[in-house]
Amino acid sequence: MGNRYVALGSSMAAGPGITPKAPGAPLGAGRSAVNYAHLVAARLSLDLVDVTFSGATTANVLSEPQRGAPPQVDALDGTESLVTVTIGGNDVGYVPLLFAAGLPRWTRSVPVLGRVLREQLDGAARDAALARVGGALRAVGEEVRRRAPSARVLFVDYLTLLPPPGTPARPLSAGRACCSWTI
C-alpha cells in the first residue's frame, strides 16, 4: 500500500480562515495549509492530496463540480492508503442553522428574515434533511471504497458544539473562551 492520503470534504475539513492558505488551492476553497488533513499527513509522513472545498455537499464529493473544481472523488486513483471524508453539513444546512440559532429570539418576528430563520430552526425539516443525508453519506462511502479499495477510509465528524438536549453545557474556562478578533 502507498503513502497517498486524499482528504475529501467541506469547510469543516478545509479550514477556511485558518492561516496560512494552502498553496495552489482554488479560489473560494477556503483551504488552509494547516487544516486537519495537512496536520495528519505531516504527522504520519503521508503524501497529501487535499481536495476539500468550503461549501461542498455530498453531490460535490460524488458527481457535481464546484466552482470549476471536479467532483472530489475524481482525486482517488486506487493507490491511497488513507482517505478522510468530512461532508454532509451543507446538505442539512449546518452553518445556517448555527447562525439562525445564535440570533436573538425577537429576530424571528421580523418580516422576511423571521420566516427564513423559522424555516432554519424547524425541527421537522431538520430531521427530514438528516434522514436524507444518511443515504448520501452511504453513497459517498460506497464510491470511495470502489475507487480506493485498499485505503483506510475514515469519516471525520463535524464538531459537537452543544451537548444533547437535557444535558447542561459546562462553562468554558477563561483560557478557552478567550479569542482575538480582528476586523
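Name every residue in the stretch 1-24 that is part of a loop (DSSP other than H, G, I, E, B), hydrophobic (A, V, I, L, M, F, W, C) and closer than 22 Å to D77 by Cβ, in order of residue number. Selection gives M1, A22.
For the stretch 136-178, which residues satisfy the criterion of being assigned to a helix (DSSP H, G or I) and at pLDDT 95 or above? If you could, list the steps in order and put the result at the bottom.
Filtering the stretch 136-178 down to residues assigned to a helix (DSSP H, G or I) leaves 136-147, 174-177.
Matches in the stretch 136-178: A136, L137, R138, A139, V140, G141, E142, E143, V144, R145, R146, R147.
The values are calculated or read from the model by the stated rules, or taken from the named source; none is laboratory data. A quick note: this is a predicted structure, and the numbers were derived from the prediction, not measured. Reconstructed Cβ throughout: ideal geometry from the backbone, glycine too, with neighbour counts over all protein chains shown.
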